[in-house]
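Notes for the one structure printed next.
The values are calculated or read from the model by the stated rules, or taken from the named source; none is laboratory data. Every value quoted in this text rests on a predicted model; they were computed, and no experiment measured them. Positions of Cβ are backbone-derived with ideal geometry, glycine not excepted, and every protein chain shown enters the neighbour counts. The protein model used for the area step is the full one, side chains on, heavy atoms only, and it has no ligands, DNA or RNA in it. Shrake-Rupley method; radii C 1.70, N 1.55, O 1.52, S 1.80 Å.
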Amino acid sequence: MPVHQQTITVSCRRQGTHEFTDDVALAVQESGFTSGLVNVFCQHTSCSVVIMENADPSARRDLERWLNRLVPEGDPDFEHTLEGPDDMPSHIKMALTRTSETIPFANRRLLLGTWQGVFLWEHRRAPHTRKIVITVVGE
Amino acid sequence: MPVHQQTITVSCRRQGTHEFTDDVALAVQESGFTSGLVNVFCQHTSCSVVIMENADPSARRDLERWLNRLVPEGDPDFEHTLEGPDDMPSHIKMALTRTSETIPFANRRLLLGTWQGVFLWEHRRAPHTRKIVITVVGE
Amino acid sequence: MPVHQQTITVSCRRQGTHEFTDDVALAVQESGFTSGLVNVFCQHTSCSVVIMENADPSARRDLERWLNRLVPEGDPDFEHTLEGPDDMPSHIKMALTRTSETIPFANRRLLLGTWQGVFLWEHRRAPHTRKIVITVVGE
């Protein structure tokens with residue numbers, strides 16, 4: 001089976017969700033495949049890949065605020081604190097969400113729902129450049 | 001690589017889990033492939049796809065009750081409330097669970113464990129008809 | 001498309017994370033494919049597959065402790081209690097994390113990030129032998 005694979009970077013200046021749906025759509029077009037699956041894999045353990053509503057930004061703000069409240073920094077039970085107060089919460093938020101998404105496509109286009117976008121969710125506070133491996137399989 | 005793809009709908013009359021394992025098994029049989037992977041992708045951001053125990057319904061009831069308690073409606077921190085009190089909790093529950101599952105198959109049969117079923121987890125209260133894209137890749 | 005598939009077992013003597021990255025890497029090498037995707041699927045509903053930091057064990061200890069605190073045993077709302085006090089929390093922890101991971105590979109090597117490892121996360125207290133289906137697709 002032919003495989004199309006590329007690594008992209010997503011620059012995150014702040015904690016929160018950063019959309020990169022267009023990069024995934026472009027990789028599918030560059031693959032030359034008509035239909036199949038595209039896997040988007042995050043090579044880090046302190047940020048996530050998620051599919052979320054991309055219409056109203058308030059939905060993502062509420063999601064981010066809610067998860068920050070569920071997994072607060074400064075938890076007295078944390079033992080792994082050497083890399084800063086936002087490090088261990090970042091690992092937990094990653095485990096509660098997703099490291100990769102696998103998305104179908106047909107007619108060279110992503111089969112996302114009307115309101116779905118693909119996001120890199122940065123859980124650290126400092127700016128980071130994150131690597132995403134995009135793998136397209138299909139025909 | 002040959003790809004077999006179809007979209008099914010799952011009618012959800014109420015909040016909670018709705019099994020559609022048989023539709024996934026049927027798509028695998030219709031693909032004509034002997035072994036490979038089947039991806040089940042939910043085209044919405046206020047419901048989820050999950051694999052869960054399908055033997056004793058009380059396990060799913062407890063799971064649903066627990067998540068409803070973790071993500072209650074009427075959270076005073078929510079800003080995104082125009083679509084009703086159950087909308088923002090639905091997005092959060094979706095992000096905490098899954099948008100897709102990728103399941104192996106062999107001898108034309110899903111390689112699920114004895115107690116595993118595939119479910120559409122509707123997080124909204126009103127009835128919805130949900131679209132699931134099933135993509136089979138294999139040989 | 002050629003498919004390489006095998007089932008491995010992971011022996012869990014205790015609750016917590018058990019790394020099996022090497023088994024996944026070996027399956028990729030045995031497939032003979034140069035590049036593609038490997039899916040790691042857990043055939044159980046009371047344990048998870050997750051990708052997590054594999055350098056400092058304290059990060060995993062904190063993650064496990066945090067999730068145990070979020071989903072305590074003995075919840076008075078639980079109805080599904082016949083299989084023991086750790087059964088229903090195990091199903092919930094599974095639903096909040098992952099049943100499978102799909103990981104890219106190239107040059108016969110997993111494209112994991114520097115600190116990423118693949119883990120079976122056992123949520124039950126008693127020792128269990130768990131089955132993982134590894135499916136490799138590629139070229």
For chain C, the dipole about the Cα centre with charges only on Cβ (Lys and Arg +1, Asp and Glu -1), to the nearest 20 debye, works out at 280
Roughly speaking, what is the centre-to-centre gap between the stretch C:88-139 and the stretch B:118-139 when only Cα atoms are used, to the nearest Å? 23
Modelled label-to-label distance, residue B:30 and residue B:11, 7 Å Cα→beta-carbon offset: nm? 1.8
Is it possible to state the helix-based mean residue ellipticity at 222 nm for chain A, with each DSSP H run of 4+ residues giving -39500 (n - 2.57), the sum divided by total residues, to the nearest 500 deg cm²/dmol? What is it? -8000 deg cm²/dmol
Copy-to-copy spacing for residue A:58, label 7 Å out on the Cα-to-C-beta vector, in nm, shortest first? 4.2, 4.2
From the Cα gyration tensor of the protein assembly as shown, with a ≥ b ≥ c the square roots of its eigenvalues, which class applies: rounded if a/c is under 1.5, or else prolate if a/b is larger than b/c, or else oblate? rounded
Going by a ≥ b ≥ c, the root eigenvalues of the Cα gyration tensor, does the stretch C:1-81 fall in the rounded group (a/c under 1.5), the prolate group (a/b larger than b/c) or the oblate group? prolate
Over all distinct Cα pairs, what is the inverse of the mean 1/r for chain C, reported as the Kirkwood hydrodynamic radius in Å? 15.8
Counting only protein heavy atoms and a 1.4 Å probe, tell me what percentage of chain A's accessible area is made up of carbon and sulfur. 48
Place the label 7 angstrom along Cα→C-beta at residue C:75 and in each other copy, then list the distances from the first to the rest in nm, shortest first. 1.6, 1.6
Cβ-defined net charge surrounding residue A:4, 13 Å radius [Lys, Arg +1; Asp, Glu -1]: -2
Residue B:66 accessible area, assembled protein chains, probe 1.4 Å, Å²: 10
For residue C:19 paired with residue A:125, estimate the spin-label separation in nm (one decimal), with each label point 7 Å from Cα along the Cα-to-Cβ line. 3.0
Can you give the average number of partner chain beta-carbon atoms within 10 Å of each beta-carbon in peptide B:101-111, as a whole number? 5
What average number of partner chain Cβ atoms lie no more than 10 Å from the Cβ of the residues making up A:5-12? 1
Label geometry 7 Å along the beta-carbon vector: residue A:34 inter-copy distances in nm: 2.6, 2.6
Once you charge only the Cβ atoms, +1 for Lys and Arg and -1 for Asp and Glu, what is the size of the charge dipole of the protein assembly as shown about its Cα centre, to the nearest 20 debye? 440
Looking at the stretch B:1-97, which GluC sites (Glu not before Pro) are DSSP coil and have at most 15 other C-beta atoms within 10 Å of their C-beta? B:73, B:79, B:83
Can you tell me, using C-alpha contacts under 8 Å and at least 6 residues apart, the relative contact order of chain B as a whole percent? 54
Excluding residue C:83 itself, what net charge comes from residues whose Cβ is under 11 Å from its Cβ, given Lys and Arg +1 and Asp and Glu -1? -3
Peptide C:32-39: average number of partner chain Cβ atoms within 10 Å per residue? 5
Heavy-atom accessible area ranking, 1.4 Å probe, most first, across A:77, A:87: A:77, A:87
Could you list, in their original order, any pairs among B:93/B:131; B:131/C:131; A:131/C:131 whose Cα atoms are separated by more than 29 Å? B:131/C:131; A:131/C:131
